[in-house]
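To keep things clear, I will list the structure first and then write my remarks on it.
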Amino acid sequence: MATTVEVLTAKSVPLGGPRAMTVHRALPQRQRSFIGAWCFIDHFGPDDVSQTGGMDVAPHPHTGLQTVTWLFEGTIMHDDAGDVHEVVRPGTINLMTAGAGTCHSEVSTQATTTLHGVQLWTVLPEEHRFTQRRFDSYTPPNISLLNDAGSARVFLGSLLDEDSPVPTFSPLVGAEFTLAPGAQATWDINPEFEHGIIADTNDLIVEGTRLYSSDVGYTGVGETSISVKNESDAPGRFLFIGGAPLREDIIMWWNLIGRSHEEVVRWREEWENHSERFGVTEGYVSKRADGLARLPAPPMPTTRLKPRKNPEPIARKIRTRA
Ligand code: MN
């Protein structure tokens, strides 16, 4: 019997303000908040930078999470409070661990004509959420899949007999797959993990369920293999992510992840007051003449922040909408 696949459809969100590029956000959403510790999925592009101006996100804070940037095309300048100044390139994972607090800016480079990729976040579990800020990058080998089906790059965790050296704070996996037109790939997966297929291209058939670009096909724990077919007549591409179910009460608000309303209120005030918690991002230059030097926090909602709900790590036969 085919594995049940729950489809999470993305909503369109302007990144960093109304004049900015549009991203497609599949997580978090009402019906599902996490896939393992993965808690945020933005898929963007291919975006014609001459039309949209590309990515220009001024320095902003993060707590209690890691950001993963993975590009298919274009380059992004990443500057952060750990004195990291890196050009993010296709095929290289850039992972920033915020820990107790950091801040960063992200700007597509002058040389970029098309920007295309994903940004993901992972939740740092309770025992590691106040770790020191750090930054890791890794360029995985492009390995061939069986039967000339295509290739894969394992950027996080272990899969297909490959191991990424990038440190994680909970059990996680992440990989990019490229499938030839009409090709099908089947591979072994960890049955203790829940997983997501983030579709970059259209007409990817995951265990009989069709995905379109920006959809996420979710599978629950207990599965030992997964099969994806590229039904289009062009190369197909997707990211495969997964992890052990996160069983913690998480508060996500703006760019901050905490465990209580009071914690988030305090951190918001600390950002507004230029607290040392977040450090300082040097090197950011806005593309816009009227660009901000750093992003102000939005006002707190008038109600108390509540922990995000997450259903059991078992796929339901539904297409959810973000
Ligand atoms: Mn960020």
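Could you tell me which residue of region 237-257 is nearest to Glu312 (Cα to Cα), considering only residues that are in a strand (DSSP E or B) and within 16 Å of the ligand (Cβ to nearest atom)?
In the first step, residues of region 237-257 are kept if they are in a strand (DSSP E or B); the result is 237-243, 251-253, 256-257.
Going one step further and asking which of them are within 16 Å of the ligand (Cβ to nearest atom), we end up with 252-253, 256-257.
Details: Met252: 19, Trp253: 22, Leu256: 24, Ile257: 21 Å.
Result: Met252.
Residue under question is Gly91, and the condition is that it be within 16 Å of the ligand (Cβ to nearest atom) and part of a loop (DSSP other than H, G, I, E, B); does it hold? Talk me through it step by step, then tell me what you get.
Numbers: within 16 Å of the ligand (Cβ to nearest atom): no; part of a loop (DSSP other than H, G, I, E, B): yes.
Against the criterion (within 16 Å of the ligand (Cβ to nearest atom) and part of a loop (DSSP other than H, G, I, E, B)), Gly91 does not qualify.
Quick check on region 76-88. Is at least one of its residues at positive phi, modelled with pLDDT under 95 and among the charged types (D, E, K, R)?
Step one: filter region 76-88 for residues at positive phi, giving 83.
Adding the requirement that they be modelled with pLDDT under 95 leaves none.
The answer is no, given that none of the residues of region 76-88 is at positive phi, modelled with pLDDT under 95 and among the charged types (D, E, K, R).
Please enumerate the residues belonging to region 265-322 that are outside any loop (DSSP other than H, G, I, E, B), under 26 Å from Val23 (Cβ atoms) and either in contact with a strand residue (DSSP E or B) (Cβ under 8 Å, 6 or more places away or on another chain) or touching a residue at least 40 places away in the same chain (Cβ under 8 Å) (or both). Walk me through how you get there before you give the answer.
At the first step, the residues of region 265-322 found to be outside any loop (DSSP other than H, G, I, E, B) are 265-272, 276-278, 319-321.
Next, from what is left, pick out any that are under 26 Å from Val23 (Cβ atoms): 267-268, 271-272, 278, 319-321.
Selection gives Trp267, Arg268, Trp271, Phe278, Arg319, Thr320, Arg321.
Can you confirm whether region 229-236 contains a residue that is of a type in the set (Gly, Ala, Ser), surrounded by fewer than 18 Cβ atoms within 10 Å (Cβ to Cβ), touching a residue at least 24 places away in the same chain (Cβ under 8 Å) and within 16 Å of the ligand (Cβ to nearest atom)? It would help to see each step written out before you state the result.
Taking region 229-236 and keeping what is of a type in the set (Gly, Ala, Ser), we get 232, 234, 236.
Of the ones still in play, those that are also surrounded by fewer than 18 Cβ atoms within 10 Å (Cβ to Cβ) are 232, 234.
Then keep just the ones that are touching a residue at least 24 places away in the same chain (Cβ under 8 Å); that gives 232, 234.
Those still in the list that are within 16 Å of the ligand (Cβ to nearest atom) too: none.
No, there is no match, as no residue in region 229-236 is of a type in the set (Gly, Ala, Ser), surrounded by fewer than 18 Cβ atoms within 10 Å (Cβ to Cβ), touching a residue at least 24 places away in the same chain (Cβ under 8 Å) and within 16 Å of the ligand (Cβ to nearest atom).
Does Gly117 fit the bill of being in a loop (DSSP other than H, G, I, E, B), of a type in the set (Gly, Ala, Ser), within 16 Å of the ligand (Cβ to nearest atom) and in contact (Cβ under 8 Å) with a residue 12 or more places away in the chain?
Values: in a loop (DSSP other than H, G, I, E, B): no; of a type in the set (Gly, Ala, Ser): yes; within 16 Å of the ligand (Cβ to nearest atom): yes; in contact (Cβ under 8 Å) with a residue 12 or more places away in the chain: yes.
In short, no.
Of the numbered conditions (1) at positive phi; (2) out of contact with any Ser or Thr (no Cβ under 9 Å at 6 or more places or on another chain), Gly279 satisfies every one except a single condition; which is it?
In the conditions (1) at positive phi; (2) out of contact with any Ser or Thr (no Cβ under 9 Å at 6 or more places or on another chain), Gly279 misses (2) alone.
So, of the residues in region 96-107 that are touching a Ser or Thr at 6+ places or on another chain (Cβ under 7 Å) and in a strand (DSSP E or B), which turns out to be nearest to the ligand (Cβ to nearest atom)? Give the steps one after another, and end with the answer.
At the first step, the residues of region 96-107 found to be touching a Ser or Thr at 6+ places or on another chain (Cβ under 7 Å) are 96-101, 103-105.
From what's left, in a strand (DSSP E or B): 96-97, 103-105.
On the way: Met96: 8, Thr97: 12, Cys103: 8, His104: 6, Ser105: 8 Å.
It comes out as His104.
Against the conditions (1) surrounded by 16 or more Cβ atoms within 10 Å (Cβ to Cβ); (2) closer than 16 Å to Thr102 by Cα; (3) not hydrophobic (A, V, I, L, M, F, W, C), where does Glu282 fall short? Just the number, please.
(1)
Which of the residues that make up region 215-245 are touching a Pro at 6+ places or on another chain (Cβ under 7 Å) and under 24 Å from Leu124 (Cβ atoms)?
To start, the set of residues in region 215-245 that are touching a Pro at 6+ places or on another chain (Cβ under 7 Å) comprises 220-224, 230, 232-235, 243-245.
Selection gives Gly220, Val221, Gly243, Ala244, Pro245.
If I ask for residues that are within 13 Å of the ligand (Cβ to nearest atom) and under 18 Å from Leu115 (Cα atoms), which ones from region 42-66 would you list?
Scanning region 42-66 gives Asp42, Met55, Asp56, Val57, Ala58.
Looking only at region 153-171, filter to residues that are assigned to a strand (DSSP E or B) and touching a residue at least 40 places away in the same chain (Cβ under 8 Å); which one of those is surrounded by the most Cβ atoms within 10 Å (Cβ to Cβ)?
To start, the set of residues in region 153-171 that are assigned to a strand (DSSP E or B) comprises 153-156, 158-159, 162-163.
Now restrict to residues that are touching a residue at least 40 places away in the same chain (Cβ under 8 Å): 153, 155-156, 159.
Numbers: Arg153: 23, Phe155: 26, Leu156: 29, Leu159: 22.
So, considering only residues that are assigned to a strand (DSSP E or B) and touching a residue at least 40 places away in the same chain (Cβ under 8 Å), the one surrounded by the most Cβ atoms within 10 Å (Cβ to Cβ) is Leu156.
Please determine whether any residue of region 26-40 is within 16 Å of the ligand (Cβ to nearest atom) and β-branched (Val, Ile, Thr). Can you show your working first?
Step one: filter region 26-40 for residues within 16 Å of the ligand (Cβ to nearest atom), giving 27-28, 38-40.
Narrowing further to those that are β-branched (Val, Ile, Thr): none.
Checked region 26-40: no residue is within 16 Å of the ligand (Cβ to nearest atom) and β-branched (Val, Ile, Thr).
Just checking, does region 72-79 include any residue being surrounded by 21 or more Cβ atoms within 10 Å (Cβ to Cβ), within 16 Å of the ligand (Cβ to nearest atom) and within 23 Å of Ala244 (Cα to Cα)?
Looking for residues that are surrounded by 21 or more Cβ atoms within 10 Å (Cβ to Cβ), within 16 Å of the ligand (Cβ to nearest atom) and within 23 Å of Ala244 (Cα to Cα), one finds none in region 72-79, hence no.
The values are calculated or read from the model by the stated rules, or taken from the named source; none is laboratory data. Keep in mind that this is a model prediction, so the values were computed, not measured. For neighbour counting, all protein chains shown are included, and Cβ atoms are generated from backbone atoms with ideal geometry for every residue, glycine included.
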